[in-house]
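The values are calculated or read from the model by the stated rules, or taken from the named source; none is laboratory data. All of these numbers come straight from a predicted model, not from anything done at the bench. Quick reminder, even Gly has a Cβ in these numbers, built from the backbone with ideal geometry, and neighbours come from all protein chains shown. Accessible surface is based on the protein model in full, side chains and every heavy atom, while ligands, DNA and RNA are left aside. Shrake-Rupley method; radii C 1.70, N 1.55, O 1.52, S 1.80 Å.
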Amino acid sequence: MPDLAELRVAARAARENAYARYSHFTVGAAVETTDGRRFTGANIENASYGLAICAERTAVFAAVLAGAREIAAVAVTGPDGVTTPPCGACRQVLAEFGTPDVPLTYARADGSWSDTTLGALLPVAFDAASLDAVRGNG
Ligand code: THU
């Protein structure tokens, strides 16, 4: 079972490395994979604003690069005093590598954490099954 408390600490630490020069909105994320490894990420912005990438996606991509394919738990934290659930794009990316029952914990403005699941954050996700349905038909 993933230790969400430890994952929250890892997300907080990762936030220290955010590169949020333009928004000043620093985010940290931590992902535990089903093989028990942990990967962290932070948002990285760019002078070409649209090229910014979120903390959750840098964490997921680090996990995938290291050979992992299955997420077991996720933690996300933003600046102190701000509730920071994952954005829609990150929900889609998380859904690619995590089943709907995977727990996700995000920091709330009052300093507490809200615990939810990938399925609750993105119900009826568009996924590989939809594409598989037409494979070979084109
Ligand atoms: N951001 C994240 O890192 N994760 C989210 O889920 C929401 C937004 C980042 C992107 C950008 O660098 C900054 O927060 C402001 O949108």
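Just a yes or no: is a residue in the range 3-22 among the β-branched types (Val, Ile, Thr) and within 30 Å of Ala128 (Cβ to Cβ)? No. The residue pairs whose first member lies in the range 1-29 and is among the basic types (Lys, Arg), whose second member is open to solvent by less than 40 Å² (accessible area, probe 1.4 Å) and part of a loop (DSSP other than H, G, I, E, B), and whose beta carbons are closer than 8 Å, counting only pairs six or more residues apart or on different chains, are Arg15/Thr26; Arg15/Val27; Arg15/Gly78; Arg21/Glu45.
Return the total of residues in the range 32-66 being more than 11 Å from the ligand (Cβ to nearest atom), more than 11 Å from Leu7 (Cβ to Cβ) and open to solvent by 50 Å² or more (accessible area, probe 1.4 Å).
Just the residues of the range 32-66 that are more than 11 Å from the ligand (Cβ to nearest atom), to begin with: 32-40, 47-48, 60-66.
Next, from what is left, pick out any that are more than 11 Å from Leu7 (Cβ to Cβ): 33-37, 47-48, 60-66.
Restricting the remaining residues to those that are open to solvent by 50 Å² or more (accessible area, probe 1.4 Å) gives 34-37, 47-48, 61, 65.
Looking only at that region, the number is 8.
Within 13 Å of the ligand (Cβ to nearest atom) and closer than 16 Å to Ala11 by Cβ: is that true of Val102 in this structure? Spelling it out, it is not the case that Val102 is within 13 Å of the ligand (Cβ to nearest atom) and closer than 16 Å to Ala11 by Cβ.
Let's see how each residue does on (1) among the charged types (D, E, K, R); (2) open to solvent by less than 60 Å² (accessible area, probe 1.4 Å):
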| residue | (1), (2) |
| --- | --- |
| Glu6 | yes, no |
| Val9 | no, no |
| Arg21 | yes, no |
| Val27 | no, yes |
| Ala30 | no, yes |
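The rows are residues; the columns are (1) out of contact with any helix residue (DSSP H, G or I) (no Cβ under 7 Å at 6 or more places or on another chain); (2) closer than 22 Å to Arg38 by Cβ.
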position	(1), (2)
Ala66	yes, yes
Val74	no, yes
Val82	yes, no
Val102	no, yes
Asp110	yes, no
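Note on the range 35-138: enclosed helices (runs of 4 or more DSSP H) holding 1 or more residues that are at pLDDT below 95 and among the acidic types (Asp, Glu) are 128-132.
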